[in-house]
Structures are given as structure tokens and as C-alpha cells.
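Structure record follows, encoded as C-alpha cells.
The values are calculated or read from the model by the stated rules, or taken from the named source; none is laboratory data. The structure displayed is predicted, hence computed values, not measured ones. Please note: Cβ atoms are built from the backbone with ideal geometry, for glycine as well, and neighbour counts cover all protein chains shown. Accessible surface is based on the protein model in full, side chains and every heavy atom, while ligands, DNA and RNA are left aside. Shrake-Rupley method; radii C 1.70, N 1.55, O 1.52, S 1.80 Å.
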Amino acid sequence: ALWAPRGMFDGPATGDGVSRRLETAYRALSLAVRHRERAFAFWSYVVAQAGDPSVRQAAAGMAGEELDRASALRRERRRAFHAERRASRG
């Protein structure tokens with residue numbers, strides 16, 4: 001594997017097979033993107049359900065931050081994808 005987090009995801013605390021799923025940068029970044037998307041969905045739900053305008057405003061800010069983070073991670077994921085493709089060709 002091009003990128004393997006040693007010792008970081010091994011062991012019973014994370015479950016079997018986690019390190020295998022994260023053995024490439026692309027896969028690790030895919031997981032990170034998915035988590036940021038879930039965080040965005042959570043904050044969007046808070047915006048929709050909050051009765052207090054200050055809570056809605058704060059949650060909207062958090063949702064926006066999660067979108068920005070997901071976007072940055074997607075760019076890195078694309079770079080990792082292309083790097084892995086180049087490496088597999090030769």
C-alpha cells in the first residue's frame with residue numbers, strides 16, 4: 001500500500017478490518033469526506049429544528065465549515081486517486 005497508518009487503526013477498539021479499509025490515502029480520505037458530509041447533515045438538521053435564532057445562526061456557520069472541510073478533503077482525495085493510478089501504472 002502507498003499509505004498505511006501503522007498502529008493507528010489496529011486493534012479491537014476500531015474493529016476488525018478497519019486498517020485494511022484505510023490502507024490507501026484515497027480510502028482514508030473517502031472516509032473523512034463521508035464523516036464531514038454526515039457532520040454537515042447534522043448541523044443542517046440543527047438549523048432546521050432550532051427555535052432560537054442564535055442557535056440557528058451558529059449551526060449554519062458550523063454547517064458551512066463542514067462543507068468547506070469536505071471540499072478540501074475531496075480535492076486531496078482526487079490527488080490521492082491520481083497518485084495511486086500513476087503508481088499502479090509503473
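Worth a mention:
- Residue check, Arg85 touching a Ser or Thr at 6+ places or on another chain (Cβ under 7 Å), within 18 Å of Glu23 (Cα to Cα) and open to solvent by 40 Å² or more (accessible area, probe 1.4 Å): no
- In region 37-66, the residues that are open to solvent by 60 Å² or more (accessible area, probe 1.4 Å) and polar (S, T, N, Q): Gln49, Ser54, Gln57
- Test for Ala13: is it of a type in the set (A, V, I, L, M, F, W, C), loosely packed, with under 12 Cβ neighbours inside 10 Å and modelled with pLDDT of 90 or more: no
- Single condition Arg69 does not satisfy, out of (1) more than 18 Å from Ala28 (Cβ to Cβ); (2) at pLDDT 95 or above; (3) open to solvent by 80 Å² or more (accessible area, probe 1.4 Å): (1)
- Within region 34-44, if we keep just the residues that are over 15 Å from Gly61 (Cβ atoms) and not basic (Lys, Arg), the residue that is nearest to the chain's Cα centre (by Cα) turns out to be His35.
- Applying a threshold of 8 Å to beta carbon distances and a minimum spacing of six or more residues, or different chains, the list of pairs starting in region 24-45 at a residue that is assigned to a loop (DSSP other than H, G, I, E, B) and ending at one that is among the small types (Gly, Ala, Ser) and crowded, with 16+ Cβ neighbours inside 10 Å reads Thr24/Ala80.
- The set of residues in region 60-90 that are more than 21 Å from Ala32 (Cβ to Cβ) and hydrophobic (A, V, I, L, M, F, W, C) contains only Ala60.
- Residue count, region 24-57 (criterion: within 22 Å of Phe81 (Cα to Cα) and of a type in the set (A, V, I, L, M, F, W, C)): 6
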